[in-house]
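J.: I'd like to ask you about the structure that follows.
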Amino acid sequence: MQIVQTLAERVLDNVGRVILGKDEEVRLTLVALLCEGHLLIEDVPGVGKTMLARAIARSIGCTYRRIQFTPDMLPSDVTGVSVFNQKTLEFEFRPGPIMAQIVLADEINRATPKTQSALLEAMEERQVTVDGVTYPMARPFLVLATQNPIEYEGTFPLPEAQVDRFLIRLRLGYPLKRQEMEILDRQAQRHPIETLEQVVSVEELTEAQEAIKQVYVDESVKEYIVDLVTTTRDHPDIYLGASPRGSLALFRASRAWAALHGRDFVLPDDVKRLADPTLAHRLIVSPSARIKNVDAGTVVQEALQHTPVPGSRVRPH
């Protein structure tokens with residue numbers, strides 16, 4: 001797992017020049033990238049959501065596009081259109097901004113459900129279909145979507161099916177006082193993103209993505225993952241628990257997290273750390289529980305407390 005750990009350290013160090021004091025959040029972004037999953041950042045404006053996406057794209061040398069979602073956007077504004085060329089007398093495909101390796105879907109909940117659904121095929125099937133022709137996405141492919149949890153006027157909440165497509169949801173939060181002062185100093189002349197260089201090749205990333213598939217997961221740890229997810233389904237405050245896609249997300253993310261820390265095996269602690277980012281956004285809290293201010297994060301913590309942690313076992317040879 002040396003290749004994964006080395007790659008992570010290089011990217012962390014590079015992104016840390018732009019995003020201060022958010023190493024854990026950057027690691028979670030790397031987990032999504034290594035698992036070929038997608039990331040949903042739910043936070044207030046101005047905390048560095050866009051900068052995180054740009055810094056990751058620059059660090060890896062990937063193509064990067066930003067889509068600013070608005071209520072008047074059409075699905076073709078995302079996927080692209082076929083345009084008739086009068087010289088060749090044929091239709092030509094003009095790719096939309098989704099046809100990049102790292103896509104920032106900014107304020108995704110401002111788009112109409114019809115436009116949001118245009119992302120579904122791209123995110124899940126890694127292809128887009130325009131006028132009956134299917135175009136594959138380039139690898140790696142990461143959708144990094146943001147939404148503002150404060151403003152609800154003029155927004156269209158993401159349907160459960162689309163939220164379930166995101167491997168991880170995270171919040172960046174405000175920086176500490178000393179970190180915010182350092183941000184002022186660093187941006188006194190120009191933004192550090194302008195001088196950020198590529199530190200990892202796409203080939204190295206692809207190799208790391210393959211490497212995490214070799215991380216060993218004991219049967220008892222798999223059982224622990226399934227038990228955790230089952231507990232969310234049976235919780236009295238939950239209307240709809242995590243699906244098997246949630247179990248897979250926690251399984252894949254735990255392998256990547258272990259590899260980031262130089263291990264070729266998953267510990268129950270890895271599962272505990274990734275439970276909230278991979279499961280909480282998949283849970284639908286019942287209306288009666290919402291009145292009592294119960295949120296999905298609280299339910300995940302309760303599930304962790306009540307699910308027995310597996311004991312250590314010798315790895316079979």
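J.: Within the set of pairs 6 or more residues apart or between chains, which connect a residue that is on the phi > 0 side of the Ramachandran plot inside segment 249-275 to a residue that is among the polar types (S, T, N, Q) with Cβ atoms less than 6 Å apart?
T.: Cβ pairs passing all conditions: G262/Q5.
J.: To continue, here is another question. Kindly indicate the residue of segment 152-194 that is within 16 Å of R17 (Cα to Cα) and of a type in the set (K, R) and also modelled with the highest pLDDT among those meeting that condition.
T.: It comes out as R178.
J.: I'd like the full set of residues that are surrounded by fewer than 21 Cβ atoms within 10 Å (Cβ to Cβ) and either touching a residue at least 24 places away in the same chain (Cβ under 8 Å) or within 24 Å of S243 (Cβ to Cβ) (or both), limited to segment 142-161.
T.: N148, P149, I150, G154, T155, F156, P157, P159, E160, A161
J.: To continue, here is another question. Consider E25 against the criteria (1) among the charged types (D, E, K, R); (2) within 21 Å of L120 (Cα to Cα); (3) not in a loop (DSSP other than H, G, I, E, B): it satisfies all of them except one. Which criterion is unmet?
T.: For E25, the failing item is (2).
J.: Follow-up. Can you work out which of the residues in segment 215-248 that are among the hydroxyl-bearing types (S, T, Y) and touching a residue at least 60 places away in the same chain (Cβ under 8 Å) is nearest to E9 (Cα to Cα)?
T.: The extreme case among them is Y216.
J.: Just to be sure, is R126 out of contact with any Ser or Thr (no Cβ under 7 Å at 6 or more places or on another chain) and among the basic types (K, R)?
T.: Working: out of contact with any Ser or Thr (no Cβ under 7 Å at 6 or more places or on another chain): yes; among the basic types (K, R): yes.
Yes.
J.: Mind checking which residues of segment 262-291 are more than 17 Å from V163 (Cα to Cα), surrounded by fewer than 24 Cβ atoms within 10 Å (Cβ to Cβ) and within 19 Å of the chain's Cα centre (by Cα)?
T.: K272, R273
J.: Which residue pairs have Cβ atoms under 9 Å apart, sit 6 or more places apart or on different chains, and have a first residue in segment 57-75 that is within 15 Å of E107 (Cβ to Cβ) and a second that is surrounded by fewer than 19 Cβ atoms within 10 Å (Cβ to Cβ) and of a type in the set (G, A, S)?
T.: Listed pairs, sorted by first residue: P71/G154.
J.: Give just the number: which of (1) out of contact with any Lys or Arg (no Cβ under 7 Å at 6 or more places or on another chain); (2) in contact (Cβ under 8 Å) with a residue 24 or more places away in the chain; (3) part of a helix (DSSP H, G or I) does E197 not satisfy?
T.: Status for E197: all satisfied but (3).
J.: Moving on to the next point. Only one of I238, I183 is of a type in the set (A, V, I, L, M, F, W, C) and either assigned by TED's automatic domain parsing to the domain that holds I108 or loosely packed, with under 13 Cβ neighbours inside 10 Å (or both). Can you tell me which? Spell out how you get there, then give the answer.
T.: Values: I238 fails: either assigned by TED's automatic domain parsing to the domain that holds I108 or loosely packed, with under 13 Cβ neighbours inside 10 Å (or both).
After ruling out the rest, the residue left standing is I183.
J.: Could you say which residue among A188, A256 is under 25 Å from H38 (Cβ atoms) and either of a type in the set (A, V, I, L, M) or not assigned by TED's automatic domain parsing to the domain that holds A32 (or both)?
T.: Residue meeting the stated conditions: A256.
J.: A further question on this structure: I need the strands (runs of 3 or more DSSP E) fully contained in segment 33-113, keeping only those with at least 3 residues that are within 19 Å of the chain's Cα centre (by Cα).
T.: 39-42, 64-68, 102-106
J.: Also, I was wondering about something else. Just to be sure before I move on: is P149 touching a helix residue (DSSP H, G or I) at 6+ places or on another chain (Cβ under 7 Å), in a loop (DSSP other than H, G, I, E, B) and either modelled with pLDDT under 85 or outside the structural domain of V300 (by TED's automatic domain parsing) (or both) in the structure I sent?
T.: Criteria not met by P149.
J.: Now for a separate question. Can you name the helices (runs of 4 or more DSSP H) wholly within segment 222-313 that have at least 2 residues being touching a helix residue (DSSP H, G or I) at 6+ places or on another chain (Cβ under 9 Å) and at pLDDT 90 or above? Steps first, please.
T.: Details: elements: 244-260, 268-279, 287-291, 296-306.
Helices (runs of 4 or more DSSP H) meeting the threshold: 244-260, 268-279, 296-306.
J.: Still on this structure: Go through (1) surrounded by fewer than 20 Cβ atoms within 10 Å (Cβ to Cβ); (2) more than 15 Å from M137 (Cβ to Cβ); (3) at pLDDT below 90 one by one and return the number of the condition T63 breaks.
T.: Of the numbered conditions (1) surrounded by fewer than 20 Cβ atoms within 10 Å (Cβ to Cβ); (2) more than 15 Å from M137 (Cβ to Cβ); (3) at pLDDT below 90, the odd one out for T63 is (2).
J.: Restricting to segment 161-185, count the residues that are in contact with a Lys or Arg (Cβ under 8 Å, 6 or more places away or on another chain) and part of a helix (DSSP H, G or I).
T.: 1
J.: Here's something else I'd like to know. Being over 26 Å from N14 (Cα atoms) and crowded, with 17+ Cβ neighbours inside 10 Å narrows it down to one of V78, V103, so name that one.
T.: Values: V103 fails: over 26 Å from N14 (Cα atoms).
Answer to the selection: V78.
J.: When you scan segment 200-220, how many residues do you find that are crowded, with 16+ Cβ neighbours inside 10 Å, out of contact with any Asp or Glu (no Cβ under 7 Å at 6 or more places or on another chain) and not in a helix (DSSP H, G or I)?
T.: Total satisfying the criteria: 3.
The values are calculated or read from the model by the stated rules, or taken from the named source; none is laboratory data. Worth saying up front: this structure is predicted, and the values here are computed from it rather than measured. Here the Cβ is made from the backbone with ideal geometry for all residues, glycine too, and neighbour counts use every protein chain on show.
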